[in-house]
Amino acid sequence: MTTALVLGAGGLTGQAFHLGVLTALCDASGFDGRAADVVVGTSAGSLVAAALTAGFTAEDQAAMLHGEAPSAQARDRLKALQAQSSSLPQLEQEAGAVRRGSLAPGVLLAAARRPWAVRPGAVVSGLIPAGRNTTHGISRGISHLHGQDWPGTRLRVCAVRARDARRVVFGTPSAPKVDVGTAVAASCAIPGYFSPVFIEGQPYVDGGAHSPTNADVVRRDEPSLVVISSPMSFGPGGGTRSPDALIRLAVRRYLAREVRLLRRQGATVVVFQPSAHDLAAMGVNPMKLVRGPDIVETAATTVRSRLKARPELLEQLRQR
């Protein structure tokens, strides 16, 4: 039985939402993201995915996100990784020239050659100017967890190549070979906010520009169970009154199409999206983590309540 875990985009508040969902799933059903056969991460989800595949539980990640001490096991793991990374050559992000104006003005022509394969958001990401905030801190932090090694075939990290709006899934044979830190930095490079990440001379930006979830990536694995955490959409009745309702509705529709494709293959798909209570805790600005512990706890409570009301979901998760 192949199990896939998909962690979508959503900024810092989305990262906290993922950790609340995963903590509750582990407590209620024993579903541990670290044990998933395939873990797909986009933007904020790639941060959580990278830490899971490095052996850190969602609960320990939440503690570290809030500046609290993780478990003794996690502290020992961090010490071992720090000792290991000190003996490795320092990884540096590839430098590239960022033009003024549009990041990739030729993206329209490239998209016109293959309109069926690109998404409007990915095209727009190449037309807006590059952001000025660096992702170096992200790449360095993740590199301490994984060094220069990629964790086998389990981890998939989604980004968009700006010049042609093409989605690239790092960790697959067709993608450039990079370290996990660089791939995660590229996946997190929000267009217009962060500078792009250059890989083999090409600028890459946030994978959420193609799809905030990219759940269709796991179709090639033919999984029997797919668990999806989607911070940027909303659950039934959850986001119709939120200020960003139109954006969340669009994300929800993207996700619905991806879920349909997976279910047609015969996969059991379980999706977790923010409830009205979650959205209130998360706020409108995904990059402003003011109530991090509240987001984690509210998401965990929402998941526990849903599993209690839907025992069949609990059974599906336990049978993974």
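The candidate values are [x] 52, 46, 39; [y] 60, 48, 32; [z] 69, 43, 34; the one derived from this structure for Cα extents along the principal axes in Å carries the label [x].
Scanning the chain for GluC sites (Glu not before Pro) that sit in a DSSP loop and have at most 15 other Cβ atoms within 10 Å, the longest stretch containing none of them is 201-320. Helices in the chain, meaning DSSP H runs of at least 4 residues, each add -39500 (n - 2.57). Divided by all residues, the mean residue ellipticity at 222 nm is -13500 deg cm²/dmol. The GNM of the chain, with springs linking C-alpha atoms under 10 angstrom apart, assigns the highest mean-square fluctuation among Ala72, Ala276, Ala183 to Ala72. Beta-bridge orientation, segment 160-283: approximately 60 percent antiparallel, per DSSP, counting only bridges with both partners inside. Summary of packing: across the peptides 49-55, 212-218, the per-residue average of other C-beta atoms within 10 Å ranks them, highest first, as 212-218, 49-55. Peptide packing: for 173-179, 140-146, the average count of neighbouring Cβ atoms within 10 Å per residue gives the ranking 140-146, 173-179, highest mean first. Rounded to the nearest 5, the antiparallel percentage of DSSP beta bridges internal to the chain is 40%. Label positions at Leu249 and Arg113, each projected 7 Å from the Cα along the C-beta direction, are separated by 3.7 nm.
Computed with a 1.4 Å probe over protein heavy atoms only, the accessible area of Arg166 comes to about 90 Å². A Förster radius of 30 Å, combined with the Cβ-Cβ distance separating Ala35 from Arg260, puts the computed FRET efficiency at roughly 0.65.
Using the average count of surrounding beta-carbon atoms within 10 Å as a protection proxy, the listed peptides 29-42, 242-255 rank, highest first, as 29-42, 242-255. Taking every protein chain into account, the accessible area of the chain amounts to 45 square angstrom per residue (probe 1.4 Å).
When the label point is put 7 Å from the Cα of Asp149 along its Cα-to-beta-carbon vector, which residues of segment 67-83 have a backbone N closer than 12 Å? Within reach of a label on Asp149, which here means backbone N under 12 Å from a point 7 Å along Cα→Cβ, segment 67-83 contributes 81.
The values are calculated or read from the model by the stated rules, or taken from the named source; none is laboratory data. Quick caveat, the model's predicted, so the values are computed rather than measured. Cβ atoms come from the backbone with ideal geometry, glycine included; neighbour counts cover every protein chain shown. With ligands, DNA and RNA removed, areas are computed over all heavy atoms of the protein, side chains included. Shrake-Rupley method; radii C 1.70, N 1.55, O 1.52, S 1.80 Å.
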